[in-house]
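Every number here is computed from the coordinates shown, using simple stated rules; none is lab data. All figures in this text were calculated on a predicted structure; none of them were measured in a lab. Note that we place each Cβ from the backbone using ideal geometry, even for glycine, and neighbour counts take in every protein chain shown.
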Amino acid sequence: MKYQQQVRRKGAKRWLVQFPRALPVGIFLLITAIAVVSAFAIERGEAQRAETQLSARTDAIASALERRANASSAYLRAGAALLSTLGDIPEGEFRRFVSELRLDSDFRGNDGIGWAEVVRPGEEEAFDALMERDYGEPHPLHPRPDGSQPFAVPVTYLHPQNERARRALGFDMYSEPIRRSAMIEAAVSATPTASDAVVLQQDAGEDVPGFLIYMPVYAPAPGGRALKGYIYSPFNADQFLIAALELEEAGQFGVQLFDGDRTNPGTLMASTIAQEAPGARLSRREVTIANNTWLLVVSRSDGGLLSGLALATLIFGLLVASLLAVVVRLLTQQAEEDEATLAWYGEQASIRNSLTRELNHRVKNTLANVLSIISLTRRRSEDLDSFADSLTGRIRALSATHDLLTQSDWGSTPVGAVIEAELLPYATSGDHTLIIKGEAVNLAPNEALSLGLAVHELATNAAKYGALSVPDGNLRVTWELVSEELVRIEWLERGGPPVRQDRGRGFGTDLIQRIVAHELSNPVDLSFEPEGVRCVLCVPIRRPREFALRAGVLTRKGRRGRKGRIASRVEAQGE
């Protein structure tokens with residue numbers, strides 16, 4: 001069970017490491033998509049709710065308009081029934097009739113109740129006289145009939161009387177086509193009938209839409225009945241709409257009333273908004289106002305692209321998506337750091353193993369050199385003291401060169417430093433002339449050890465038999481680059497005792513001409529001239545080579561997310 005849990009944890013961690021950016025982005029996009037879908041669903045529900053609310057509000061407003069019109073029609077029906085029983089209708093009698101109606105709030109929104117009697121041809125003068133008698137000033141019939149219509153229907157009374165009402169007195173409503181059409185329809189149907197949009201006579205000169213509701217009044221006549229006139233109510237369309245909305249508030253909805261197709265600007269009768277907002281939701285209803293069909297349009301402007309709840313859901317979803325993306329990103333960074341740390345520890349372990357193997361190899365080489373030196377020294381020594389002295393000097397030479405290599409971390413070592421380390425005991429006496437000169441050339445560790453042994457043997461021989469054995473001896477050690485891969489070193493002694501030509505071969509000669517020459521892969525030119533020893537060594541220059549203990553470059557994330565490169569490299573020197 002534990003093993004399976006560990007495998008699952010490693011699998012999850014592998015995903016974090018393999019997709020450090022794709023995983024947070026994927027989670028962010030997923031949560032964002034869920035938030036967008038949720039916001040869309042909420043917005044769709046809000047839209048359906050708004051549509052239902054808009055439809056219900058439209059029905060309520062249409063009902064309020066029809067109730068308002070029906071209330072006015074009921075008053076006109078009652079008035080027509082009363083007036084049809086009277087003969088002549090004096091102004092005082094009509095005014096008393098209107099006052100006795102005790103009009104309540106249901107009749108608000110109109111400009112009163114009026115009476116318009118039928119004036120047939122030849123009765124114009126009698127009408128003018130009646131108007132002057134009733135009002136004390138002339139209100140003649142106008143415009144005068146031209147014989148093209150069977151009769152005139154001028155405004156006779158309009159109560160309540162005020163300055164606006166007096167403007168309409170004497171006006172022949174039958175002369176105007178829209179009013180005439182409504183009056184004809186009312187006479188045919190014998191029911192209250194509303195006209196289409198007109199400008200009321202009392203509002204003449206102003207672009208204020210209005211309408212009138214007509215109810216015909218008949219008088220008994222031989223063979224039937226005769227049209228006596230019309231009782232009517234004029235309405236300002238805006239006031240009528242406002243009065244209807246008192247019954248059913250519009251609230252945040254816009255209400256428009258059209259006399260026909262709403263696409264024609266001339267058909268707009270009343271509106272509660274200055275201009276319809278682009279993209280607003282619309283609901284349309286046909287309303288019947290006193291036997292006339294109008295178009296009611298109720299609109300509602302959306303509050304924005306998204307409702308409050310949908311916007312809050314979307315914002316919350318984005319915040320959650322961002323938070324999860326950040327958390328996952330932190331987890332991926334931590335996983336990367338853990339992987340990089342493990343890789344770094346593995347790299348360090350590999351480096352330690354490599355360094356340990358390299359150290360073992362070099363120690364073995366050094367011990368092999370020491371064993372060779374001991375073996376050769378023993379064969380060439382005559383007694384124990386000479387063996388100890390020779391062995392001690394050679395071991396010290398190896399030690400001095402090892403010190404130089406240690407100081408350079410077993411890297412490259414300058415030629416001059418190797419030579420100076422071996423000749424340092426002879427340079428402090430001041431009795432000899434030492435010249436050490438050459439270019440800046442670095443040697444690999446093995447070549448430096450071989451050169452140190454060779455210089456030590458030459459210096460020991462010079463101190464015993466050559467230039468360093470007398471006060472005026474002169475030793476010159478110079479070197480120069482022969483090529484990019486080879487340096488030529490010359491050892492030249494002068495001013496010492498004459499060199500014996502019949503001398504035998506010693507250990508130093510064998511060491512230089514065999515072991516050192518073998519290690520340097522180049523022959524050593526060692527000559528014992530009478531004036532002094534001369535030795536020429538050609539030392540190969542092997543450039544340091546880098547090798548990576550692992551392929552590629554390990555990447556480790558820092559605590560602040562910065563990338564750092566961990567690359568452990570060791571300079572491998574050739575043997």
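When each of the peptides 23-29, 286-292 is scored by the mean number of other C-beta atoms lying within 10 Å of its residues, the order from highest to lowest reads 286-292, 23-29.
Across segment 164-174, rounded Karplus estimates of 3J(HN,Hα) from the backbone phi angles (6.51 cos²θ - 1.76 cosθ + 1.60, θ = phi - 60°) give 5, 5, 5, 5, 8, 4, x, 6, 7, 6, 6 Hz, Gly and Pro being marked x.
Here the peptides 235-241, 434-440, 53-59 are ranked by packing, the mean other Cβ count within 10 Å, and the order with the highest first is 235-241, 53-59, 434-440. Residues whose amide H falls under 5 Å from that of Ile436, counting only those 5 or more places apart or on a different chain, are Val477, with hydrogens built in the peptide plane. Taking amide H atoms as placed 1.01 Å from N in the peptide plane, the amide H of Asn292 lies under 5 Å from those of Ala194, each 5 or more residues away in sequence or on another chain. For segment 153-217, the set of GluC sites (Glu not before Pro) satisfying both a DSSP loop assignment and a count of at most 16 other C-beta atoms within 10 Å is given as Glu206. Karplus-derived 3J(HN,Hα) values for segment 441-453, using 6.51 cos²θ - 1.76 cosθ + 1.60 with θ = phi - 60°, are 10, 10, 10, 6, x, 5, 5, 5, 4, 5, 5, x, 4 Hz; glycine and proline are entered as x. Applying a DSSP loop filter and a limit of 16 other Cβ atoms within 10 Å to the chymotrypsin sites (Phe, Trp or Tyr not before Pro) in segment 111-202 leaves Phe151.
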